[in-house]
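The values are calculated or read from the model by the stated rules, or taken from the named source; none is laboratory data. Source: prediction; values computed, not measured. Don't worry about glycine lacking a Cβ; one is built from the backbone with ideal geometry, like all the others, and counts go over all protein chains shown. To get the accessible areas, we keep the full protein, side chains included, count just its heavy atoms, and leave off ligands, DNA and RNA. Shrake-Rupley method; radii C 1.70, N 1.55, O 1.52, S 1.80 Å.
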Amino acid sequence: MSESISPDVTVDSRGAACPGPLMDLIGKIKKADAGTVFELQTNDSSSSHDVPEWVEKAGHELLDVVEHGDEEYWSIFVETRE
Amino acid sequence: MTRIVIVGGGTGGTVLANRLADTLAPDLKRGDVEVTLVNDGPDQVYKPTFLYVPFGEATVEEARHPIVDLVDRTVDFRVDRVTEIDTDEKRLSLQRDGALEYDYLVLATGANLAPEEVPGLVEGGHHFYGAAGAERLRDALAEFEAGHLVLSVIGVPHMCPAAPVEFVLMADQWLRERGRREDVEITYTYPIQRIHGLAPVAEWAQPLFDERGIEAETFFNPESVDPDERVIETMEGTELAYDLLVAIPPHSGSPLVEAAGLGDGGWVAVDNRTLEAAHADGVYAIGDVADVPTSKAGSVAHYQAGAVADRLASQVRGQVPTAEYDGKTMCFVESGTDEAAFIEFSYERQPEPRDPNQYVHWGKLAYNEAYWLTARGLL
């Protein structure tokens with residue numbers, strides 16, 4: 001599915017430990033319009049669970065979580081809602 | 001002659017200037033190197049003092065000290081404001097005194113508060129991250145007899161990462177000591193799913209919150225504050241009413257950094273270990289303005305200054321610099337008004353907080369008194 005997702009904004013949080021990646025995403029989403037598609041890149045394993053949990057609570061849509069096994073990071077795709 | 005310019009006279013800037021004055025003493029004496037420190041005012045402000053001001057345990061005057069008394073006499077200290085950084089020409093524009101050219105530049109400009117990023121927060125909230133804010137909060141707390149006290153962590157990352165947890169634990173005890181605690185509800189809010197970014201600190205503080213009846217709201221990201229109705233509205237769609245709001249406001253880096261293309265949001269993009277800027281040659285960043293994955297704390301600036309001083313000394317002497325910063329961070333964490341804990345961690349090592357005790361509390365107070373020795377490069 002991720003092959004067809006072209007994000008409007010890519011947030012590269014690789015190298016940042018939790019809560020860095022989630023806070024990086026929250027900071028960007030705060031300033032974004034509804035309907036913006038984000039790709040959050042993280043190599044922090046706990047973020048791959050924590051970020052989807054926040055996305056659900058905040059009422060945005062989790063489009064996909066893709067694990068790039070060879071490069072050891074995850075891409076978390078999120079679309080903002082009103 | 002090699003010209004080293006440091007911008008910012010906080011902890012990082014003064015420790016670095018003094019370390020260079022010490023390490024490069026013969027080179028300075030011979031005139032082979034020049035160290036210039038530029039700050040936009042004559043004083044250094046030691047912000048950890050402000051945590052104690054709302055509780056009447058310190059004054060804002062104690063947080064201030066003339067920089068000229070802190071730095072070695074071989075350092076050229078100038079009170080001026082940098083208005084532009086040109087990393088191609090290796091030149092700084094100054095507000096009062098023309099321009100300043102450098103071979104090596106170290107940015108130590110700190111972090112700024114940006115409460116205006118949250119509509120209503122300036123009017124509706126208090127903070128203890130500056131002298132005026134801490135004094136205003138002291139007056140509000142003195143008159144606060146009953147109601148809902150909310151401490152909301154809005155800006156992450158923020159300076160002194162333990163301070164929000166410390167504030168509510170101190171407020172709890174301070175109110176108990178005055179017989180007001182039964183009439184005051186305390187709520188602490190945090191942006192992510194636990195009460196602190198560092199999991200071991202969250203696990204340490206949560207039982208203390210439970211014991212003392214401090215409520216916690218997580219996944220709580222304020223979007224606006226209604227100062228008339230006294231309500232916080234969040235990105236998650238929730239609302240929280242308050243009577244006294246103490247906020248950790250959003251922070252921003254330096255507009256100079258953004259304008260110079262050195263990093264987003266005014267935070268300098270650096271190598272986490274060498275602290276060399278990613279987008280310019282001969283530029284380092286230390287302290288809060290450096291975008292590294294650890295806390296924005298004085299101890300970080302202190303240790304980073306040591307690593308950068310060693311790297312610069314090597315470079316001045318034509319050697320390959322090998323000193324690196326390993327993420328070392330150290331914090332005292334108050335758990336009330338008479339006990340504290342101590343944590344130390346790095347990029348590779350998580351903190352392991354122990355049970356709080358009175359000796360660590362005294363240690364923290366003693367260190368705050370002795371801090372000016374750190375700024376002088378002595379402690």
Margin query: Give me the strands (runs of 3 or more DSSP E) completely within chain A, filtered to those with at least 1 residues that are open to solvent by less than 20 Å² (accessible area, probe 1.4 Å), ordered by residue number.
Written below: A:9-12, A:37-42, A:73-79
Check: Looking at residue B:281, is it at pLDDT 95 or above, among the charged types (D, E, K, R) and in a loop (DSSP other than H, G, I, E, B)?
Finding: yes
Next item on the list: Answer yes if at least one residue in region B:352-364 is within 17 Å of the chain's Cα centre (by Cα) and either in the same structural domain as residue B:165 (by TED's automatic domain parsing) or open to solvent by less than 30 Å² (accessible area, probe 1.4 Å) (or both), and no otherwise.
Entry: yes
Next item on the list: Write out, first by first residue and then by second, each pair whose Cβ atoms fall under 8 Å of each other, whose residues are 6+ apart or on separate chains, and whose first residue, in region A:26-45, is within 16 Å of residue B:118 (Cβ to Cβ) while the second is part of a helix (DSSP H, G or I).
Entry: A:26/A:54; A:29/A:58
Next item on the list: Find the helices (runs of 4 or more DSSP H) located wholly in region B:85-201 whose residues include 3 or more that are over 24 Å from the mean Cα position of the chain (by Cα) and within 14 Å of chain A (Cβ to nearest Cβ), and list them.
Entry: none
Item checked: Checking residue B:262 against (1) in a loop (DSSP other than H, G, I, E, B); (2) open to solvent by less than 50 Å² (accessible area, probe 1.4 Å); (3) within 14 Å of chain A (Cβ to nearest Cβ); (4) out of contact with any Lys or Arg (no Cβ under 8 Å at 6 or more places or on another chain), the condition it does not meet -> (3)
Check: Among the candidates B:35, B:68, which residue alone is free of Cβ contacts under 8 Å to residues at least 60 places away in the same chain, in contact with a strand residue (DSSP E or B) (Cβ under 7 Å, 6 or more places away or on another chain) and crowded, with 22+ Cβ neighbours inside 10 Å?
Finding: B:35
Notebook entry, point to check: Among B:217, B:236, which is among the acidic types (Asp, Glu) and modelled with pLDDT of 95 or more?
Noted result: B:217
Check: With respect to the numbered conditions (1) without any contact (Cβ under 8 Å) to a residue 24 or more places away in the chain; (2) surrounded by 23 or more Cβ atoms within 10 Å (Cβ to Cβ); (3) under 30 Å from residue B:126 (Cβ atoms), which one is the sole condition not fulfilled by residue B:239?
Finding: (2)
Item checked: Qualifying position, being over 22 Å from residue A:53 (Cα atoms), of a type outside the set (A, V, I, L, M) and in a loop (DSSP other than H, G, I, E, B), among B:228, B:210 -> B:228
Notebook entry, point to check: What number of residues within region B:231-259 are under 25 Å from residue B:146 (Cβ atoms), among the small types (Gly, Ala, Ser) and assigned to a loop (DSSP other than H, G, I, E, B)?
Noted result: 0
